[in-house]
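**Q** Pasting a structure here, questions to come.
The values are calculated or read from the model by the stated rules, or taken from the named source; none is laboratory data. Just so we're clear, the structure is a prediction, and the values are computed from it rather than from any experiment. Neighbour counts run over all protein chains shown; Cβ positions are idealised from the backbone, glycine included. To get the accessible areas, we keep the full protein, side chains included, count just its heavy atoms, and leave off ligands, DNA and RNA. Shrake-Rupley method; radii C 1.70, N 1.55, O 1.52, S 1.80 Å.
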Amino acid sequence: KMGVRGSATCVMNFDAATGFLVGEANMGLNYMFTMMNYERLGMGIQGVGAAQLSYQQAAAYAHDRLQGRAAGGARNTEKKADPIIVHADVRRMLLTMRSLTEAGRCFSLYVAKQLDIAKFSDEVAAKKRASALVALLTPVAKAFLTDMAYESCNLGQMILGGHGYIREWGQEQLVRDVRIAQIYEGTNGIQAMDLLGRKVVANSGAFLEIYCDEIRAFITAQEANEHTAAFLKPLADAVDKLEQVSEYIFAQVEDDPDIIGASAADYLAVVGHVSYAYMWALMLTASAQYQSDEAEAADDFCQSKNYVGQFYLQKILPRIDGLIQAIESGSDCIMTMPEELFN
């Protein structure tokens with residue numbers, strides 16, 4: 001296989017074997033999904049783990065590798081070159097990796113919390129609400145976390161340049177290993193179709209409304225918080241755009257049966273980026289509570305959260321505008337090309 005070397009996976013043939021029914025006939029898919037939500041979240045977490053290691057390696061390399069001079073003048077005058085951490089493009093890649101990975105870790109915990117509430121809560125209403133959020137967000141947790149992890153590992157490999165392709169540095173392994181996470185437990189395209197077709201369109205956005213209402217309630221509750229005020233408007237705007245593009249799809253689906261397939265991947269990415277913006281707002285709210293801590297480590301932690309969160313909202317969240325434009329272009333440009341021209 002590409003990647004996953006040393007994995008105990010194989011092709012198994014069951015010629016002339018005897019099969020035994022487990023449970024009721026025709027209920028296999030239902031039984032499978034009792035574990036599948038956990039498995040899909042687990043694949044997303046695997047992606048986050050690879051992305052985190054890639055970031056750690058790339059950040060360390062960027063501090064050590066000497067190449068060129070800072071745009072504003074030499075930083076390290078005692079040596080012939082500055083470390084590449086001074087270059088804006090390297091910082092862009094590192095901040096992209098970190099902003100995606102930290103938001104992904106937070107989002108995985110958010111979805112895990114909903115899984116726990118749905119399974120263990122004694123409150124019927126809480127279980128019902130959490131189950132709806134699990135249904136809506138599990139495809140996002142599996143697909144978006146692994147898509148963003150693959151992007152991050154590719155950036156980590158890029159920061160190392162030619163060294164990124166050499167086995168001893170570890171980046172090429174991370175790229176190989178995280179690539180299969182986008183395929184395991186249902187390819188990410190299937191996750192996107194599940195999200196848009198079964199979890200959004202099929203119930204006219206009922207699950208989505210629960211999620212968006214929660215985000216808006218958070219925004220309202222934090223309006224007086226000076227530490228998060230700057231993050232609330234971009235988040236509120238992003239939620240509005242998510243609901244608007246959802247309404248667009250609802251209006252198109254009856255006349256355009258291909259709109260779901262044509263839009264699903266882009267739509268999942270929109271939900272993912274809005275979710276990451278929400279996670280950043282939650283993290284920044286939490287980190288603000290540590291601002292009064294006199295410990296230097298706590299100060300560094302809070303400052304880095306603010307810097308990275310600002311980067312995400314200013315440089316990454318705007319991706320949703322292009323994704324929404326692509327969705328609203330419809331399915332014609334995908335479906336009109338004759339099949340025989342795919343050669």
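**Q** Test residue 327 against the stated conditions and say whether it is hydrophobic (A, V, I, L, M, F, W, C), open to solvent by less than 70 Å² (accessible area, probe 1.4 Å) and in contact with an Asp or Glu (Cβ under 6 Å, 6 or more places away or on another chain).
**A** yes
**Q** Of everything in the stretch 63-83, what is in contact with a strand residue (DSSP E or B) (Cβ under 7 Å, 6 or more places away or on another chain) and within 21 Å of residue 156 (Cα to Cα)? Give them in sequence order.
**A** Within the stretch 63-83, 63, 64, 65, 66, 82, 83 qualify.
**Q** Output the residues belonging to the stretch 313-335 that are within 14 Å of residue 237 (Cβ to Cβ) and among the β-branched types (Val, Ile, Thr).
**A** 320, 324
**Q** Further question on the same structure: I'd like to check something: does the stretch 287-294 contain any residue that is within 22 Å of residue 194 (Cα to Cα), part of a helix (DSSP H, G or I) and open to solvent by less than 70 Å² (accessible area, probe 1.4 Å)?
**A** The answer is no, given that none of the residues of the stretch 287-294 is within 22 Å of residue 194 (Cα to Cα), part of a helix (DSSP H, G or I) and open to solvent by less than 70 Å² (accessible area, probe 1.4 Å).
**Q** Right, something else. Find all pairs meeting these conditions: Cβ atoms under 6 angstrom apart; at least six residues apart or on different chains; first residue within the stretch 240-266 and free of Cβ contacts under 8 Å to residues at least 60 places away in the same chain and within 19 Å of residue 136 (Cα to Cα); second residue part of a loop (DSSP other than H, G, I, E, B) and not basic (Lys, Arg).
**A** Final answer for the pair search is 246/205.
**Q** A further question on this structure: Does at least one position in the stretch 174-183 carry a residue that is open to solvent by 40 Å² or more (accessible area, probe 1.4 Å) and either of a type in the set (Ser, Thr, Tyr) or in contact with a strand residue (DSSP E or B) (Cβ under 7 Å, 6 or more places away or on another chain) (or both)?
**A** Taking every residue of the stretch 174-183 in turn, none turns out to be open to solvent by 40 Å² or more (accessible area, probe 1.4 Å) and either of a type in the set (Ser, Thr, Tyr) or in contact with a strand residue (DSSP E or B) (Cβ under 7 Å, 6 or more places away or on another chain) (or both).
**Q** Right, next: When the residues of the stretch 215-238 are narrowed to those that are farther than 23 Å from residue 271 by Cβ and without any contact (Cβ under 8 Å) to a residue 12 or more places away in the chain, which ends up least open to solvent (accessible area, probe 1.4 Å)?
**A** 229
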